[in-house]
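A quick write-up on the structure given underneath.
The values are calculated or read from the model by the stated rules, or taken from the named source; none is laboratory data. Since this is a predicted model, take the numbers as computed values, not measurements. Cβ placement follows ideal geometry from the backbone for every residue including glycine, while neighbour counts extend to all protein chains displayed. Surface areas here come from the heavy atoms of the whole protein model, side chains and all, with no ligands, DNA or RNA. Shrake-Rupley method; radii C 1.70, N 1.55, O 1.52, S 1.80 Å.
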Amino acid sequence: MKYKFRRLGLLVGLGLASGVASATPCSSAVSSYESAVSSNSFSSASQILSNHPECFGASATTSQVQITGTSFQQMSAISRALGLRFASDNPGPRADIGIKGMAAGNAGKKWNVWGSVENNDTRQSYVAANTFTTRNDSDVLNTVLGVDYSLSPTMVFGVSAAFDRGDVSGKNSAPGTTLNNIDSDGYAVAPYIGIQLSKALFFDASIGFGRGKFSSSTATEGESDRWFGAANLGYEHWMGNLQFSGKAGYLRGVEDHDNLKAAGVTAIGTGGKNTLGQLRLTAQLGYWINGVMPYGSLGYVSDVERKTTQFGAGNNPIGKDAWVWALGVNFISLSSGLTGGIAYRQEESRSNQQNKSLMANIALRF
């Protein structure tokens, strides 16, 4: 019976590849993929992934969205919180109170508690292996909470915790295609450190781990482990009320997915490990207006490391490099120890993907 089941699954998988059976729900896609793996049919497995990546957490396209919306978002929130902590109240206090550089904002305030909420909206569309178009829509809401302490006037150590929830919908444009819906959630913990190197430069680094899980509308489910780390070098310079700032950073995330389960039964060979290493360069211009600073930024993103161990994963169709622009406003008041901000961010020029996000953050120093 097991042999017959796998043989039937492989026939369904081959139908998926040709477009005849591309209208399958995730439960059928997972069974077909397992059969292809057990039969060492690389081409069939690759085509099933191409037609229905939303069904596989370990697929390169799905995993990249999850790493970006969870691990990378948490590390970016940490770097942003430290940047606001090191920022001065306005262009004047450094000279007025005799403290030079970004540490002016830390005078007498050793503790800092902060929070950040960001929603990532990602749309992918590309021609799949069966010549029909695969479309995936993904939304990930990530909430990060952090607390840190000044070990010295120029060094900060802290820890953060993140909680994410997401939903993915995907379908193939073949006639009669079933829309697959997937829910995800997870958590992560990440300690971090910030160091002021000079009056204009600061460095931050974070490292973390977590766990994620997801389930589809057709009784498939999976879990994954997360590991991630980042290092960033930031710069700030004032010319009157104009603030010039920039950041260069490297972020790396790993998701190690267990084998999927279909109706409670483990589907062998459906797991996989994905690694994403990303270089980010950003330049920002802001203007100080009595405690409020609107700003605009332009950044460049390059996926310099992208690996997967999943059988038949094939090439990632969404592209390697992108430009990212953002508009936002920061609120800074050292008299109350309160800082915050809101920003809209959009990614451009990836081959088959659009990404945009809305972020809000707040911090209290005491």
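Remarks
- Residue that is in contact with a Phe, Trp or Tyr (Cβ under 7 Å, 6 or more places away or on another chain), in a strand (DSSP E or B) and under 24 Å from residue 54 (Cβ atoms), where the choices are 246, 253, 269: 253
- Condition check for residue 135: surrounded by fewer than 22 Cβ atoms within 10 Å (Cβ to Cβ) and closer than 18 Å to residue 255 by Cα: no
- Scanning the stretch 75-126 for residues that are open to solvent by 40 Å² or more (accessible area, probe 1.4 Å) and modelled with pLDDT of 85 or more gives 80, 110, 111, 113, 117, 119, 123, 125.
- Where residue 298 falls short, out of the listed (1) open to solvent by less than 50 Å² (accessible area, probe 1.4 Å); (2) assigned to a strand (DSSP E or B): (1)
- Looking only at the stretch 279-291, and only at residues there that are farther than 27 Å from residue 75 by Cβ and hydrophobic (A, V, I, L, M, F, W, C), the one that is nearest to the chain's Cα centre (by Cα): 288
- The residues of the stretch 188-214 that are of a type in the set (A, V, I, L, M) and part of a strand (DSSP E or B), listed by number, are 188, 189, 190, 193, 195, 201, 205, 207.
- For the stretch 112-134, taking the residues that are of a type in the set (A, V, I, L, M) and outside any strand (DSSP E or B), the one that is farthest from the chain's Cα centre (by Cα) is identified as 129.
- Residue match in the stretch 325-334 (condition: part of a strand (DSSP E or B), under 15 Å from the mean Cα position of the chain (by Cα) and surrounded by 17 or more Cβ atoms within 10 Å (Cβ to Cβ)): no
- The residue that is modelled with the lowest pLDDT, counting only those in the stretch 151-181 that are touching a helix residue (DSSP H, G or I) at 6+ places or on another chain (Cβ under 6 Å) and either part of a strand (DSSP E or B) or among the basic types (Lys, Arg) (or both), is 172.
- Only residues that are under 19 Å from residue 264 (Cβ atoms) and polar (S, T, N, Q) were counted in the stretch 185-225, giving 6.
- Subset of the stretch 350-366 (residues that are open to solvent by less than 80 Å² (accessible area, probe 1.4 Å) and polar (S, T, N, Q)): 352, 353, 355, 357, 361
- Which numbered condition residue 179 misses (of (1) more than 19 Å from residue 274 (Cβ to Cβ); (2) out of contact with any Gly (no Cβ under 8 Å at 6 or more places or on another chain); (3) open to solvent by 60 Å² or more (accessible area, probe 1.4 Å)): (2)
- The single condition among (1) open to solvent by 30 Å² or more (accessible area, probe 1.4 Å); (2) out of contact with any strand residue (DSSP E or B) (no Cβ under 7 Å at 6 or more places or on another chain) that residue 223 does not satisfy is (2).
- Candidates in the stretch 194-210 are the residues that are open to solvent by less than 50 Å² (accessible area, probe 1.4 Å) and of a type in the set (A, V, I, L, M, F, W, C); of these, the one that is nearest to residue 26 (Cα to Cα) is 205.
- The stretch 313-338 residues that are at pLDDT below 90 and hydroxyl-bearing (Ser, Thr, Tyr), paired with ones that are assigned to a loop (DSSP other than H, G, I, E, B) and loosely packed, with under 13 Cβ neighbours inside 10 Å (beta carbon under 9 Å, 6 or more apart): none
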